[in-house]
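Working notes, structure below.
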Amino acid sequence: MKLLIFCDPGIDDAIALIYALLHPEIEVLGIVCSYGNVDKITAANNAGHILQLAGRMDIPIFNGAEMPVSGELAIFYPEIHGEDGIGPIKVEKNANHLRIRNLSEIFELIEKNNDLVIADLGRSTTLAACFLLNRKAMSKVKELHIMGGAFMVPGNVTPIAEANFHGDPTSANLLLAHGNKVFLTPLNVTQKAIFTYEYAESLRYNTKNKFKEIYIPIIRYYANAYAKMIPGMDGAPFHDLLTIYSIVHPKKMHYLAKKVHVVVEGKTRGKSFADFRNMDSDPDSKHHIALGFDYDHFLKEVFQVLTRQM
Ligand code: RIB
Ligand code: CA
């Protein structure tokens, strides 16, 4: 499957990228880096570091947005992802060697590749901008898979809003309006996609691949951050990883088709909602909300992929 990834690495984004790069059924065509967990240059450096470890510097990195469409300055989250975005890992700060490409070059990729799927793992600004710039090209994209939202469960960045949708709710609504088929992995499921510290250790000691040295430090960093936020929590949720997993394992996910809206302003900004007065799928909805998944299969399959040799 041909995949274009929009992201803001970020620890969970980094693990999602590693999974996509190692997955035998996924061909990563490009990575678009934007503001979110960190600023966009740091995000691009981090994506570049993962590509270097993977020996895949042939995969292009594209320039993304540095703030939401509202024009507010972005807020970053060093307390969760570390000062430089991937926990204690220090990455060379000079992104010059990465040759970051213009965003508009992704339209060529889209035109050339039928059945392309896009994963959006950060704020929706850059992907929304792609629709603003070239709706015709974007209409060729088969599916959008978005990590975002929280339905009838608490948010993470506010009591009711999830961070990606809260970061740029206008752009999230644009994707919902213009994507051909939109699959959401909201907090309802991603909060349950947990790795424990023991899981990190077993990843480390069961592989000789190039990522082995970073599994323990970044997963431990992220788990410590979650332990402070949610006392008693054992491990941390890998939100963005579940989004990529869901693309290759749709049958392991439970989706409900419902039309989704995101609140743009006010105290409820970023809140995602749909009509859950009945729990039947709406046959006319092009939005699909993940409300459950097979956690045992997730842990086993992710383990196999993250311990593969390149
Ligand atoms: O709310 C979780 C999302 O916000 C994830 O994509 C995480 O990486 C952050 O961007
Ligand atoms: Ca992210």
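Quick notes on this structure:
- If you go through region 157-179 and keep only what is touching a Leu at 6+ places or on another chain (Cβ under 6 Å) and either charged (D, E, K, R) or at pLDDT below 95 (or both), you end up with just 162.
- Whenever a residue of region 141-170 is basic (Lys, Arg), it has no partner that is crowded, with 24+ Cβ neighbours inside 10 Å lying with C-beta atoms less than 7 angstrom away and at least six residues away or across chains.
- Elements of type strands (runs of 3 or more DSSP E) in region 113-219, at least 2 residues being buried (at least 24 other Cβ atoms within 10 Å of the Cβ), within 16 Å of ligand 1 (Cβ to nearest atom) and among the small types (Gly, Ala, Ser): none
- For region 33-62, a tally of residues being of a type in the set (D, E, K, R), over 16 Å from residue 126 (Cα atoms) and surrounded by 23 or more Cβ atoms within 10 Å (Cβ to Cβ) returns 0.
- In region 153-186, the residues that are within 16 Å of ligand 2 (Cβ to nearest atom) and of a type in the set (A, V, I, L, M): 157, 161, 163, 172, 175, 184
- In region 54-95, the residues that are farther than 25 Å from residue 30 by Cβ, of a type in the set (Val, Ile, Thr) and at pLDDT 95 or above: none
- You will find that of 106, 86, the residue that is under 17 Å from the mean Cα position of the chain (by Cα) and of a type in the set (Val, Ile, Thr) is 86 and no other.
- Qualifying residue in region 61-74 (condition: under 16 Å from residue 147 (Cβ atoms), more than 11 Å from ligand 2 (Cβ to nearest atom) and either without any contact (Cβ under 8 Å) to a residue 24 or more places away in the chain or within 16 Å of the chain's Cα centre (by Cα) (or both)): yes
- Residue match in region 97-104 (condition: away from ligand 2 (no atom under 16 Å from the Cβ), surrounded by fewer than 20 Cβ atoms within 10 Å (Cβ to Cβ), among the small types (Gly, Ala, Ser) and outside any strand (DSSP E or B)): yes
- Taken over region 1-32, the residue count meeting the criterion of being aromatic (Phe, Trp, Tyr) and either out of contact with any Asp or Glu (no Cβ under 8 Å at 6 or more places or on another chain) or surrounded by fewer than 21 Cβ atoms within 10 Å (Cβ to Cβ) (or both) is 1.
- Of all residues in region 1-41, those that are basic (Lys, Arg) and more than 14 Å from ligand 2 (Cβ to nearest atom) total 1.
- Matching residues, region 1-44, being of a type in the set (D, E, K, R) and within 16 Å of ligand 1 (Cβ to nearest atom): 8, 12, 13, 39, 40
- Check on residue 78, touching a helix residue (DSSP H, G or I) at 6+ places or on another chain (Cβ under 6 Å), within 23 Å of residue 238 (Cα to Cα) and surrounded by fewer than 14 Cβ atoms within 10 Å (Cβ to Cβ): no
- Any chance residue 254 is touching a Gly at 6+ places or on another chain (Cβ under 9 Å), surrounded by fewer than 15 Cβ atoms within 10 Å (Cβ to Cβ) and under 17 Å from residue 145 (Cα atoms): yes
The values are calculated or read from the model by the stated rules, or taken from the named source; none is laboratory data. This structure is a prediction, so every number in the text was calculated from the model and none was measured. Neighbour counts are summed over all protein chains in view; Cβ atoms, including those assigned to glycine, are modelled from backbone coordinates with ideal geometry.
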